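One structure is given here, and the rest of the page talks about it.
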Amino acid sequence: MRTRFLAVLAIAALALTAGVGAVSSASAATVRHFEGRVLSVDRSAKTFRLRDSERGTMTVFVVQSTRFSRTSFAAVKTGRSVEVTVRRVDGHWQASEVQPRAGAGQAEPGDDNGGGNDDGANHR
């Protein structure tokens, strides 16, 4: 009787361990990071389309829990570069965080980002 109980207990422990591993790997597999240019914004539907050079074009849904770092949904406009952390929810990409893309459009006027010698207007 005791041997049978231990066998059942071992099988239950294995099943529980396998179930926990499947849940954690499934949830981890649905989180993605995209970056690219905004193609369009639909404020009434709370969505924007993003063109990622590596992954293509996708529609991103903004929800109440979406965090905006150094930007806002009102500032997300066509042509702007953004970085988005999304997760797959009911077949849609739902934004968990949106921020301006690092280095996109951040140069000072007249700055060539270190690409050459700029001695000013009287350079010969």
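Quick note: the coordinates plus some simple rules give every number you see, no bench work behind them. Predicted, not measured: the structure shown is a model, and the values here were computed from it. Cβ sites come from the backbone with ideal geometry, for glycine too, and all protein chains shown count toward neighbours.
Extension gain for the segment K46 to V31, taken as residue separation times 0.36 nm less the Cα-Cα distance, is 3.4 nm to one decimal. For W93, neighbours were defined as the other residues whose beta-carbon sits under 10 Å from its Cβ, and their charges (Lys and Arg +1, Asp and Glu -1) total +3.
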